[in-house]
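Visitor: Pasting a structure below so you can have a look.
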Amino acid sequence: MKHDELLYAFKKEQDRNPFAFLYNTIATVLGSAIVTEQYAPGSTFKDGDLAKLLDVSRTSVSRALSILVEYGLLTHTGKNEYAVIAPDYKSIRDIMTFRSALEPPMGYEATKNATQADLAELWQMLQQFQRIPWETMPTESFLIAAFRLDTGFLDKICNMCSNPYLCGAYKANLNQIHRSIYFINHYACSANIDTPASLARHFSSIYYAFKSENGRMVMEAIFSYLRRVDIRKIPFAEPDKDS
């Protein structure tokens with residue numbers, strides 16, 4: 001990611017949430033760039049350089065970087081320097097196990113509250129995804145578009161869910177959930193496991209389950225989507241012995 005792109009994203013997020021604390025805005029923008037691999041593992045940041053680029057205080061940048069360390073996206077490598085941590089087998093496996101336990105019941109609860117306006121919003125997201133010209137689109141652009149569909153659907157389901165414990169758990173682990181979304185889509189695409197059409201079918205199943213007002217069907221559709229890639233077959237690391 002080029003510096004001017006980060007600055008643009010930062011300004012755009014400021015316009016979208018003008019009353020947010022600066023450090024939260026910085027953490028949101030930089031965290032999103034990291035989970036979508038716009039900054040590769042090993043990329044480094046210095047708080048002074050980021051402060052100068054974004055025209056904000058060094059204190060705000062340092063606090064934002066500390067937040068991303070807590071989220072497991074960065075590590076403190078030295079004085080005022082931070083590096084992007086590569087996703088590993090255990091972290092991806094653990095967050096996918098967490099998502100499998102969280103998202104189906106979150107969908108079940110959301111079914112009880114889904115309005116026609118909610119369904120229309122989900123349908124609009126799905127239609128926008130299906131209209132994208134995948135055949136002529138670079139892989140990176142497809143991954144970003146798929147990431148937006150994933151996160152848009154999940155955020156909407158969370159907003160419809162009335163259970164504060166489920167929603168709280170989702171929001172508390174949002175960065176790692178987002179990282180797993182991009183990572184799984186990237187792997188599925190590179191291994192020819194998934195295609196834009198099959199991904200759209202998964203989200204269509206979730207949408208029509210909501211439309212049928214069938215909570216159990218929603219749970220099954222979400223679980224099927226989460227299980228479309230077998231984490232144990234991803235070759236970047238060996239599974240633990242207890243896998």
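Visitor: Evaluate the following for Ile26: is it crowded, with 17+ Cβ neighbours inside 10 Å, in contact with a strand residue (DSSP E or B) (Cβ under 6 Å, 6 or more places away or on another chain) and not small (Gly, Ala, Ser)? Can you show your working first?
Guide: Numbers: crowded, with 17+ Cβ neighbours inside 10 Å: yes; in contact with a strand residue (DSSP E or B) (Cβ under 6 Å, 6 or more places away or on another chain): no; not small (Gly, Ala, Ser): yes.
It is false that Ile26 is crowded, with 17+ Cβ neighbours inside 10 Å, in contact with a strand residue (DSSP E or B) (Cβ under 6 Å, 6 or more places away or on another chain) and not small (Gly, Ala, Ser).
Visitor: Quick one: is Arg201 over 12 Å from Met106 (Cα atoms), without any contact (Cβ under 8 Å) to a residue 40 or more places away in the chain and not acidic (Asp, Glu)? Spell out how you get there, then give the answer.
Guide: Numbers: over 12 Å from Met106 (Cα atoms): yes; without any contact (Cβ under 8 Å) to a residue 40 or more places away in the chain: yes; not acidic (Asp, Glu): yes.
Spelling it out, Arg201 is indeed over 12 Å from Met106 (Cα atoms), without any contact (Cβ under 8 Å) to a residue 40 or more places away in the chain and not acidic (Asp, Glu).
Visitor: I would also like to ask the following. Pick from the stretch 48-58 the residues that are touching a residue at least 12 places away in the same chain (Cβ under 8 Å) and surrounded by fewer than 19 Cβ atoms within 10 Å (Cβ to Cβ): which of them is nearest to Glu5 (Cα to Cα)? I'd like the intermediate steps shown before the answer.
Guide: Restricting attention to the stretch 48-58, the residues satisfying the condition of being touching a residue at least 12 places away in the same chain (Cβ under 8 Å) are 48, 50, 53-54, 56-57.
From what's left, surrounded by fewer than 19 Cβ atoms within 10 Å (Cβ to Cβ): 48, 53, 56-57.
Values: Gly48: 18, Leu53: 11, Val56: 16, Ser57: 19 Å.
Ranking the candidates gives Leu53 first.
Visitor: Shifting gears a bit: Just to be sure I understand the filter: pairs with C-beta atoms under 8 Å, separated by 6 or more residues or on different chains, first member in the stretch 100-111 and more than 9 Å from Ile222 (Cβ to Cβ), second member surrounded by fewer than 19 Cβ atoms within 10 Å (Cβ to Cβ) and among the acidic types (Asp, Glu). Which pairs pass?
Guide: Matching pairs, first to second residue: Thr111/Glu213.
Visitor: Can you list residue pairs whose Cβ atoms sit under 9 Å apart, with the first residue in the stretch 151-166 being more than 14 Å from Val218 (Cα to Cα) and the second being basic (Lys, Arg) and surrounded by fewer than 18 Cβ atoms within 10 Å (Cβ to Cβ)? Count only pairs 6 or more apart in sequence or on different chains.
Guide: Every condition considered, the pairs that remain are Ser162/Lys112.
Visitor: Condition (residue is surrounded by 13 or more Cβ atoms within 10 Å (Cβ to Cβ) and aliphatic (A, V, I, L, M)) applied to the stretch 39-47: is it met by at least one residue?
Guide: No: the stretch 39-47 contains no residue that is surrounded by 13 or more Cβ atoms within 10 Å (Cβ to Cβ) and aliphatic (A, V, I, L, M).
Visitor: Let me ask you something else. If I ask for residues that are open to solvent by 20 Å² or more (accessible area, probe 1.4 Å) and of a type in the set (Ser, Thr, Tyr), which ones from the stretch 87-110 would you list?
Guide: Of everything in the stretch 87-110, those that are open to solvent by 20 Å² or more (accessible area, probe 1.4 Å) and of a type in the set (Ser, Thr, Tyr) turn out to be Ser91, Thr97, Ser100, Tyr108.
Visitor: I'd like the full set of residues that are open to solvent by less than 30 Å² (accessible area, probe 1.4 Å) and touching a helix residue (DSSP H, G or I) at 6+ places or on another chain (Cβ under 7 Å), limited to the stretch 73-86.
Guide: Leu73, Leu74, Tyr82, Val84
Visitor: Where in the stretch 152-243 are there helices (runs of 4 or more DSSP H), lying wholly inside it, with at least 3 residues that are open to solvent by less than 40 Å² (accessible area, probe 1.4 Å) and within 14 Å of Arg99 (Cα to Cα)? I'd like the intermediate steps shown before the answer.
Guide: Numbers: elements: 164-172, 174-190, 196-211, 215-226.
Filter on the stretch 152-243 gives 164-172, 174-190, 215-226.
Visitor: So Phe19 passes all but one of these: (1) touching a strand residue (DSSP E or B) at 6+ places or on another chain (Cβ under 9 Å); (2) of a type outside the set (S, T, N, Q); (3) not in a helix (DSSP H, G or I). Which condition number does it fail?
Guide: (1)
The values are calculated or read from the model by the stated rules, or taken from the named source; none is laboratory data. Not measured: the values here are computed from a predicted model. All Cβ positions, even for glycine, are placed from backbone atoms using ideal geometry, and neighbour counts span all protein chains on display. SASA here: full protein model, heavy atoms, side chains in, ligands and nucleic acids out. Shrake-Rupley method; radii C 1.70, N 1.55, O 1.52, S 1.80 Å.
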